[in-house]
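Data block below; observations after.
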Amino acid sequence: MQRPLHEDFLLKETNPHLGGGKITGDKLTSTYDLVEQMQYLYVRVVKAKELPAKDVTGSCDPYVEVKLGNYKGTTRHFEKKSNPEWNQVFAFSKDRIQASMLEVTVKDKDFVKDDFMGRVLFDLNEVPKRVPPDSPLAPQWYRLEDRKGDKVKGELMLAVWMGTQADEAFPEAWHSDAATVTGTDGLANIRSKVYLSPKLWYLRVNVIEAQDLQPSDKGRYPEVYVKATLGNQVLRTRVSPSRSINPMWNEDLMFVAAEPFEEPLILSVEDRIAPNKDEVLGKCAIPMHYVDRRLDHKPVNTRWFNLERHVIVEGEKKKETKFSSRIHTRICLEGGYHVLDESTHYSSDLRPTAKQLWKNSIGVLEVGILNAQGLMPMKTKDSRGTTDAYCVAKYGQKWVRTRTIIDSFTPKWNEQYTWEVFDPCTVITIGVFDNCHLHGGDKPGGARDSRIGKVRIRLSTLETDRVYTHSYPLLVLHPNGVKKMGEIHLAVRFTCSSLLNMMHMYSQPLLPKMHYIHPLTVSQLDSLRHQATQIVSMRLSRAEPPLRKEIVEYMLDVGSHMWSMRRSKANFFRIMNVFGGLIAVGKWFDQICNWKNPITTVLIHILFIILVLYPELILPTIFLYLFLIGVWYYRWRPRHPPHMDTRLSHAESAHPDELDEEFDTFPTSRPPDIVRMRYDRLRSIAGRIQTVVGDLATQGERLQSLLSWRDPRATALFVLFCLIAAIVLYVTPFQVVALLTGFYVLRHPRFRHKLPSVPLNFFRRLPARTDCML
């Protein structure tokens, strides 16, 4: 009996007030219709003019301070400028407004104390409202006043309005929620941002041959191989079997290249003159923009490249001029493959690299990231726990990052994003992280953003045009067990532009056709996936603000292929669950054969006779039965998207030592006695698997030995049986044979023996090759 799933770990359906309540059935209106509206007071400080001089030099260093209750934001200051331009926007959350007046003050920056130059006051009750798609509010000039309300010299151009997060000014605005964040780097690190993965290509280098090589030792047969380098990727061919100065290989090397192409492909022909000692016989550098691109399996033209050789002359490297060695290659960028940078089980994009091969989109995916509830404290600040949470969503080449909500265990983002969908059998991944870079600073080995949890949603499990609003548990596996880090509240809608196109997709291959015409090996795919994830994480970490390596690797499930006792158990029970239906059918048939329920057995006899007499009814009966089962189960179809299942993952029942092993580094960093214990445990498990594999091999070899004359008596009996069976079946109508066989299988228990049947006894006596095993 299965244990019920922990209630905290379940998906919860919600009913949020989306799009400001503009809902018509499942269809919503307005741009931000999948999120709750958040009201903000916006202040755009544009510029000032004719500011009075405050310094002895007859100039001023002005800046503007925008103050609302306890919240205060400041613009940058200009030195010695009486007509400054700032064009900065400030946003104050309406939920946190506790004052009735907005104060905008112009000040002069000074070493000791900043001087007051004038201010403008606004009554919040008189601030106009603006809702997109209304045009932006035009800023106006306001005369500065002193603290008594009298007009003073200088004017300030401002625009003040009430709006929502749908406002164009929202992404780049200074937020009152982030008042504690200082510095340009810190502010950049908390803003929302959209990133694009670099365009990845597979680079195929077919090394054919080299000519006229000049090894230093002419008296030996050279052991020549080619080393190809692209950025951090290094691959080698095998040593040429021809062992001459004109070696041949005809070997493919596969790389991952990313646009824009920054580094050339370097081919180096080397001679292994001793173990761990190689001599470079020649090199050539091939710029990537000279490489041919192909969209199908037609071969590109081969090319010869001259090899350069550098010799040491008086301690300096110089290019040898009288040198005629060359290398013959076929190099191309493969546009017909999809570069796999994600786990194949959670792919969000399956299109080929070349845009010319893309099909039309089949729909649009919209995701509203509403809020999170009950987040755990992720770090300590001022001797109390705090969390600065942000979300990252990845689908296809587009990554989005929400703004960071400072110091909140119940952050509200209410941000909406859209993706084009080209294949319904894809997965969107949404992760929640704690920002550890609020004050800038990206030192190597510095703080890493902590993972709070992630959610995966497979698009094919969603009904089209329906808005799914659910609270997903954020579950993370720690060395001490599974832990709920909070919940994330999402609104998801998958809109299909053409139902016919989407249905047609189900008949298409999952990957582009080149994966089937010229398939890559499993080891190649693993290596190329590792290279692709490294390139993506490196490029995104160089963006501004960076999407850091630890975030990208967590979203792409890097390391999920490593050994895990927990995952192995989970996969074993998944297989048993798959075979559970077949086992249940086998038990049911066994009950029929043993007449446990005589009425059912008699009905099966009647059905069997009908199908034997009218065999043309067999296939229609099977398909009709499957149709009726499908219609019957429609009543209990899943109404919620799938989510992380701790029971299926065996996360709740995992032993602490198994989890510690799963979180161990590679290579291991644990003490020798623990490693020895784990190694012995692995050996015992592998021993059981070895036994099962051996038993399967034995059954297969027994089948082979029926006609091999390894056991001459057994083969003679089987051959004689085959002759008699052929004659009997030839003269007897097939329906009679089928009826007799069926009645024999379904015979009453009083006509059965508890001993194994004759065919089974015969089969078990056949020889296998276990006798020949050492």
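Calculate, axis by axis, the spread of Cα positions in segment 358-429 along the three principal axes, and write the results as whole Å, longest axis first.
55, 17, 17
Taking the Cα centre of segment 203-263 as origin and charging only Cβ (+1 Lys, Arg; -1 Asp, Glu), how large is the dipole, in debye to the nearest 20? Numbers along the way, then the final one.
Values: 7 positive and 9 negative charges, 74 e Å.
The calculation lands at about 360 debye.
Projected onto the charge dipole of the chain (+1 at Lys/Arg Cβ, -1 at Asp/Glu Cβ, origin at the Cα centre), which of 740, 154, 538 gives the Cα projection farthest towards the positive end?
Ranked along the dipole, the leading option is 740.
Given only helices, namely DSSP H runs of n ≥ 4 each adding -39500 (n - 2.57), what is the per-residue ellipticity at 222 nm of the chain, to the nearest 500 deg cm²/dmol? Could you put the intermediate results ahead of the total?
Numbers: 13 runs with 183 residues, N = 774.
Theoretical 222 nm ellipticity from helices: -7500 deg cm²/dmol.
Can you tell me what the convex hull of the Cα atoms of segment 344-472 projects to on average, as an area in nm²? Display every interim value, and only then the final one.
On the way: hull surface 40.1 nm².
Quarter of the Cα hull surface area: 10.0 nm².
If a/c stays under 1.5 just call it rounded; otherwise compare a/b with b/c (prolate if a/b is bigger, oblate if not). Do that for segment 640-702, with a ≥ b ≥ c from the square roots of the Cα gyration tensor eigenvalues. Don't jump to the answer; show the numbers that get you there.
Values: a/c = 3.08, a/b = 1.21, b/c = 2.55.
Taking the square roots of the gyration eigenvalues as a ≥ b ≥ c, segment 640-702 is oblate.
In Å and whole numbers, how far do the C-alpha atoms of the chain stretch along each principal axis, longest first?
Principal extents (largest minus smallest coordinate, Cα): 120, 89, 57 Å.
Can you classify segment 439-578 as rounded, prolate or oblate using the Cα gyration tensor, where a ≥ b ≥ c are the square roots of its eigenvalues, rounded means a/c under 1.5, and otherwise it's prolate if a/b beats b/c and oblate if not?
Numbers: a/c = 1.34, a/b = 1.22, b/c = 1.10.
Rounded, since a/c falls under 1.5.
Quote to one decimal, in nm, the extra length available between residue 739 and residue 47 on full extension: 0.36 nm per residue of separation minus the C-alpha distance between them. It would help to have the intermediate numbers written out before the result.
Working: separation 692, 0.36 × 692 = 249.12 nm, distance 9.68 nm.
Taking 0.36 nm per residue and subtracting the Cα distance, the gain is 239.4 nm.
Whole angstrom only: what separates the Cα centroid of segment 368-396 from the Cα centroid of segment 512-541?
Answer, in whole Å: 32.
Report the calculated FRET efficiency for residue 668 and residue 522 (r = Cβ-Cβ distance, R0 = 30 Å), to the nearest 0.05.
On the way: r = 25 Å, r/R0 = 0.82.
Computed FRET efficiency for residue 668 and residue 522 comes out at 0.75.
So, by mean Cβ neighbours within 10 angstrom, what's the order for 612-623, 384-395, 505-516, 153-164 with the highest one leading? Kindly include the intermediate steps, with their values, before the conclusion.
Numbers: 612-623: 11.2, 384-395: 21.9, 505-516: 14.4, 153-164: 20.1.
Descending mean neighbour count gives 384-395, 153-164, 505-516, 612-623.
How large is Rg over Rh for segment 477-532, taking Rg from the Cα atoms and Rh as the Kirkwood inverse mean of 1/r across Cα pairs? Working shown, then result.
Details: Rg = 19.6 Å, Rh = 16.5 Å.
Ratio of gyration radius to Kirkwood radius for segment 477-532: 1.19.
Which three semi-axes in whole Å describe the equivalent ellipsoid of segment 195-292, each the square root of 5 times a Cα gyration tensor eigenvalue, listed largest first?
On the way: eigenvalues 175, 30, 25 Å².
Result for segment 195-292: semi-axes of 30, 12, 11 Å.
For the pair residue 351 and residue 588, what calculated FRET efficiency results from E = 1/(1 + (r/R0)^6), where r is the Cβ-Cβ distance and R0 = 60 Å, to the nearest 0.05?
The computed FRET efficiency comes out at 0.85.
Taking 7 Å along the Cα-to-C-beta vector as the label spot, tell me the residue 730-residue 544 distance in nanometres, rounded to one decimal.
8.8 nm
Can you list the HN-Hα couplings for segment 706-711, worked out from phi with the Karplus curve (6.51, -1.76, 1.60; θ = phi - 60°), rounded to whole Hz and with x for Gly and Pro?
Residue by residue, segment 706-711 yields 4, 10, 8, 6, 5, 10 Hz.
Positive end of the charge dipole of the chain (Lys, Arg +1 and Asp, Glu -1 on Cβ, about the Cα centre): tell me which of 256, 40, 369 has its Cα farthest that way.
256
Provide 251, 79, 65, 262 ordered by accessible surface of protein heavy atoms (probe 1.4 Å), highest first.
On the way: 251 40, 79 130, 65 20, 262 110 Å².
Solvent-accessible surface, decreasing: 79, 262, 251, 65.
With the convex hull built on the Cα atoms of segment 117-170, state its orientation-averaged projected area in nm².
Working: hull surface 17.7 nm².
Average of the hull's projected areas for segment 117-170 equals 4.4 nm².
Could you rank 40, 730 by how accessible they are, 1.4 Å probe, largest area first?
Working: 40 0, 730 195 Å².
Largest accessible area first, the list is 730, 40.
Taking the C-alpha atoms of segment 153-253, how large are the radius of gyration and the largest Cα-Cα span, Dmax, in Å?
In Å, with Rg to one decimal and Dmax whole: 30.8, 95.
How much of the pair distance distribution for segment 555-694 lies past 28 Å, counting alpha-carbon pairs only, in percent? Please report the intermediate quantities before stating the final value.
Details: 4819 of 9730 pairs.
Value for segment 555-694 (Cα pairs over 28 Å): 50 percent.
Report, in whole Å, the centroid distance computed from the Cα atoms of segment 702-769 and segment 77-152.
96 Å
For a test of the definition: using alpha carbon positions, the gyration tensor, and the 1.5 limit on a/c, classify segment 688-774 as rounded, prolate or oblate. Please list the in-between numbers first.
Details: a/c = 2.65, a/b = 1.54, b/c = 1.72.
Oblate, because a/c is 1.5 or more while a/b does not exceed b/c.
I'd like the accessible area for residue 695: 1.4 Å probe, protein heavy atoms, all chains in place, Å² to the nearest 10.
In the full protein context, residue 695 sits at about 80 Å².
Quote the charge dipole size of the chain about the Cα centre in Debye, to the nearest 20; the model charges only the Cβ of Lys and Arg (+1) and of Asp and Glu (-1).
Here the size comes out at about 2120 debye.
Can you give me the % of accessible surface on the chain that is carbon or sulfur? Probe 1.4 Å, all protein chains present, nothing else counted.
On the way: 25460 of 44470 Å².
Result for the chain: 57 percent of the exposed heavy-atom area is carbon or sulfur.
As I understand it, the dipole of the chain uses +1 on the Cβ of Lys and Arg and -1 on the Cβ of Asp and Glu, about the Cα centre. Which of 416, 301, 354 lies farthest toward its positive end?
Going by the Cα projections, it comes out as 301.
How much of the pair distance distribution for segment 217-256 lies past 13 Å, counting alpha-carbon pairs only, in percent? Walk me through the intermediate numbers first.
Details: 432 of 780 pairs.
Roughly 55 percent, once rounded to a whole number.
Could you give the spread of the C-alpha atoms of segment 44-190 along their three principal axes, from largest to smallest, in whole angstroms?
Per principal axis, max minus min of the Cα coordinates gives 46, 35, 28 Å.
What value in Å³ per residue do you get for the convex hull of the alpha-carbon atoms in segment 625-774?
Working: hull volume 44.3 nm³, N = 150.
Dividing the Cα hull volume of segment 625-774 by its residues yields 296 Å³.
Calculate log10 I(q)/I(0) of segment 241-302 for q = 0.20, 0.24 Å⁻¹, where I(q) comes from the Debye formula with a single equal point scatterer on each Cα and nothing for solvent.
For segment 241-302 at q = 0.20, 0.24 Å⁻¹, log10 I(q)/I(0) is -1.06, -1.24.
Calculate, in nm to one decimal, what residue 141 and residue 112 gain on full extension: separation in residues at 0.36 nm each, minus their alpha carbon distance.
Computed gain between residue 141 and residue 112 is 7.4 nm.
Residues of the chain: accessible area per residue at 1.4 Å, in Å²?
Working: 44470 Å² over 774 residues.
So the chain comes to 57 Å² accessible per residue, rounded to a whole number.
With a 1.4 Å probe and every protein chain left in place, tell me how much accessible area residue 639 has, in Å² to the nearest 10.
Solvent-accessible area, nearest 10 Å²: 100 Å².
Taking R0 as 30 Å, what FRET efficiency do you get between residue 150 and residue 129 from their Cβ-Cβ distance, rounded to the nearest 0.05?
Details: r = 31 Å, r/R0 = 1.03.
FRET efficiency, residue 150 to residue 129: 0.45.
With just the Cα atoms defining each centre, how far is segment 272-295 from segment 579-593? Give it in Å.
Their Cα centres are 61 Å away from one another.
Full-extension gain between residue 643 and residue 609, please, as 0.36 nm times their residue separation minus the C-alpha to C-alpha distance.
7.5 nm
Could you tell me the convex hull volume per residue, in Å³, taken over the Cα atoms of segment 542-593? Present the calculation step by step, with values, prior to reporting the outcome.
Numbers: hull volume 4.9 nm³, N = 52.
Considering the Cα atoms of segment 542-593, their hull volume per residue is 93 Å³.
The values are calculated or read from the model by the stated rules, or taken from the named source; none is laboratory data. If you're wondering where the values come from, they're calculated on a predicted model, not measured in any experiment. For neighbour counting, all protein chains shown are included, and Cβ atoms are generated from backbone atoms with ideal geometry for every residue, glycine included. Heavy atoms of the whole protein, side chains included, go into the accessibility calculation; ligands, DNA and RNA do not. Shrake-Rupley method; radii C 1.70, N 1.55, O 1.52, S 1.80 Å.
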